[in-house]
Amino acid sequence: MGVANGLDALALSLRALELPPMSEVIVPSNTYIATILAIVQAGLRPVLVEPDIRTYNIDPRLVEAAISSRTKAIMPVHLYGKLSDMEALTAIARERGLFVVEDCAQAHGASFRGRRAGSWGDINAFSFYPTKNLGALGDAGAIVTDSDALAEKARALRNYGSRVKYVNEVVGVNSRLDELQAGFLRIKLRRIEEITERKRHIAAIYAQEIPDTFVKPVQQDGYFDVFHIYNVRHAARDSLREYLLCRGIKTDVHYPVPPHRQECMKGILEGTFPISEKIHSTIVSLPISLATTDQEALEVCRALSGF
């Protein structure tokens, strides 16, 4: 079901589950704020769980302790183009009677043990923001599910709560996937594997040539990573960014402020999250796109070697 953006895809996916108000949804503590906002907008309560420091994805070993009588769903985020450990998470969900909603905004085409992002959960969300591996030329998103019942609810919710024109059964929203954006995506979808392979090629250069003084993305058997973002971590992250910029290399930080530190989350998110704090204070995103050349990637590596 096409929708206007990734945030709507997440929020409407949760609303389609028709959970009791203020039900708890377990979510990683180091995700982008949109994941948390979707839970709040759906009238639910986010419960943060720390990530695995190696993968940056939610740590299944910590999920069990966060489950309470009010927990109704787990929302794993496939951060930076790497799937969460979905075998472990879906096993927990089945055992405890919980829904699973995947945030696939950064994981188009990524897979774990041969199953792609968006095929594990009950209902799942994609973003097609322009910077994504599969990006539109403006905002766009999609909801995917193999449940006819959930699909029907999501279609109504995105269309003013209406299944039949001028008959509104629930309080919905206007969240259409714009026809022009759908057209762009339809063309770009034909090249998604080319985009993915190019980014994986650049990532392989980085993995080989960047010194081990930087913490590089972990490589694991069974995972097909699509490198929406290629991050490294370094204790002197801010000085590193200045150093690279002086050499004509622009970087970014995904993300500089963890959700529990955001002003809008005061009174909503509780607890301390040292692993997230460490990630957010040391991580930096290097150039990686379909347009990145081998020579440019090697230039980045040489600059990092000289830091």
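Does any residue of segment 9-16 turn out to be in contact (Cβ under 8 Å) with a residue 60 or more places away in the chain and either surrounded by fewer than 20 Cβ atoms within 10 Å (Cβ to Cβ) or hydroxyl-bearing (S, T, Y) (or both)?
Step one: of segment 9-16, the residues in contact (Cβ under 8 Å) with a residue 60 or more places away in the chain are 9-10, 12-16.
In the following step, the residues that additionally are either surrounded by fewer than 20 Cβ atoms within 10 Å (Cβ to Cβ) or hydroxyl-bearing (S, T, Y) (or both) were identified as 13.
There is at least one residue in segment 9-16 that is in contact (Cβ under 8 Å) with a residue 60 or more places away in the chain and either surrounded by fewer than 20 Cβ atoms within 10 Å (Cβ to Cβ) or hydroxyl-bearing (S, T, Y) (or both).
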> Which residues, counting only those in segment 52-74, are buried (at least 17 other Cβ atoms within 10 Å of the Cβ), over 20 Å from the mean Cα position of the chain (by Cα) and in a loop (DSSP other than H, G, I, E, B)?
Replying inline: I67
> Would a scan of segment 269-279 turn up a residue that is farther than 24 Å from D52 by Cβ, charged (D, E, K, R) and under 22 Å from the mean Cα position of the chain (by Cα)?
Replying inline: no
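Does A207 satisfy being in contact with a Lys or Arg (Cβ under 7 Å, 6 or more places away or on another chain) and not in a strand (DSSP E or B)? Walk me through how you get there before you give the answer.
Details: in contact with a Lys or Arg (Cβ under 7 Å, 6 or more places away or on another chain): yes; not in a strand (DSSP E or B): yes.
Against the criterion (in contact with a Lys or Arg (Cβ under 7 Å, 6 or more places away or on another chain) and not in a strand (DSSP E or B)), A207 qualifies.
One line per residue, one yes/no per condition, for (1) out of contact with any strand residue (DSSP E or B) (no Cβ under 8 Å at 6 or more places or on another chain); (2) within 30 Å of I39 (Cβ to Cβ); (3) assigned by TED's automatic domain parsing to the domain that holds G135:
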site: Y230; (1), (2), (3): no, yes, no
site: H234; (1), (2), (3): no, no, no
site: R241; (1), (2), (3): no, no, no
site: P256; (1), (2), (3): yes, yes, no
site: G267; (1), (2), (3): yes, yes, no
site: G271; (1), (2), (3): no, yes, no
site: S289; (1), (2), (3): yes, no, no
site: L298; (1), (2), (3): yes, no, no
> Just wondering, is there one or more residues in segment 295-306 that are β-branched (V, I, T) and under 17 Å from A235 (Cα atoms)?
Replying inline: no
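Quick one: in segment 23-44, which of the residues that are of a type outside the set (V, I, T) and under 18 Å from G97 (Cβ atoms) is surrounded by the most Cβ atoms within 10 Å (Cβ to Cβ)?
We begin by selecting, within segment 23-44, every residue of a type outside the set (V, I, T); these are 23-24, 28-30, 32, 34, 37-38, 41-44.
Among the residues that remain, those that are also under 18 Å from G97 (Cβ atoms) are: 23-24, 44.
On the way: S23: 18, E24: 21, L44: 25.
Out of the qualifying residues, it is L44.
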>> I'm trying to understand the selection: among the residues of segment 133-168, which are acidic (D, E) and modelled with pLDDT under 95?
In response: none
>> Here is a check on your reading of the model: is G121 in contact with a Ser or Thr (Cβ under 9 Å, 6 or more places away or on another chain), in the same structural domain as T31 (by TED's automatic domain parsing), under 18 Å from T35 (Cβ atoms) and surrounded by 17 or more Cβ atoms within 10 Å (Cβ to Cβ)?
In response: yes
> Wholly within segment 219-307, which helices (runs of 4 or more DSSP H) include no fewer than the required count, namely at least 3 residues that are closer than 30 Å to R115 by Cα?
Replying inline: 274-282
> If you go through segment 220-237 one residue at a time, do you hit one that is among the aliphatic types (A, V, I, L, M) and farther than 26 Å from Y129 by Cα?
Replying inline: yes
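The values are calculated or read from the model by the stated rules, or taken from the named source; none is laboratory data. If you're wondering where the values come from, they're calculated on a predicted model, not measured in any experiment. All Cβ positions, even for glycine, are placed from backbone atoms using ideal geometry, and neighbour counts span all protein chains on display.
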